Amino acid sequence: MKLNVILFAALLAAPALPLLAHHSFVAEYDYNKRIELTGTVTKLEWTNPHGRFYLRVPGAGGVTATWQFELGSPNALLTHGWHRDTLRVGDRVTVSGYQSKGSPTVGNAAVITFPDGRKVAADGESLQE
């Protein structure tokens, strides 16, 4: 009987395990390293726990870097007005955010600005202006 209770409790807790693996912002990104980059979107990933997009950014001397930016979760983005075509491959955008502590070309996007001046919050929260 005791073994059945333990097994039942373990089965109930199993779906919560992915939540334990979720990272904290401060573990991966540096609040003191604000970045703002302009480039062309080359790839989008609508995956959990966070969406991602890749930005080709021209650099000094003609060297191009590809940056990877983390977004909010797909569900949070959709809940706050994003659509799968809000950001598309080929869009030229400016991204404001925070640089990764572990990689020079990885960041957490905060705000994405389009050439027409439209801004969207990258974490799925409503942008207050």
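If R0 is 22 Å, what FRET efficiency do you get for Glu36 and Gln68 from their C-beta distance, rounded to 0.05?
On the way: r = 16 Å, r/R0 = 0.73.
Efficiency at R0 = 22 Å is approximately 0.85.
So for the stretch 23-121, averaging the separation of alpha carbon pairs under 8 Å that are six or more residues apart and normalising by length, what relative contact order in percent results? The partial results should precede the final answer.
Details: 196 pairs, mean separation 30.4, N = 99.
It rounds to 31 percent for the stretch 23-121.
Given H placed on each backbone N at 1.01 Å, which residues far from Ser73 in sequence or on other chains put an amide H within less than 5 Å of it?
Placed amide hydrogens put Gly51 under 5 Å from Ser73.
Which listed residue (Val93, Leu78, Ser103) has the Cα farthest towards the positive end of the charge dipole for the stretch 23-121, taking +1 on Lys and Arg C-beta and -1 on Asp and Glu C-beta about the Cα centre?
Highest projection toward the positive end goes to Val93.
Rule-based calculations on the coordinates, nothing more; no lab input. On a predicted model such as this, the values are computed, not experimentally measured, just so you know. When we count neighbours, we look across all protein chains shown, and the Cβ atoms used for this are built from the backbone with ideal geometry, even at glycine.
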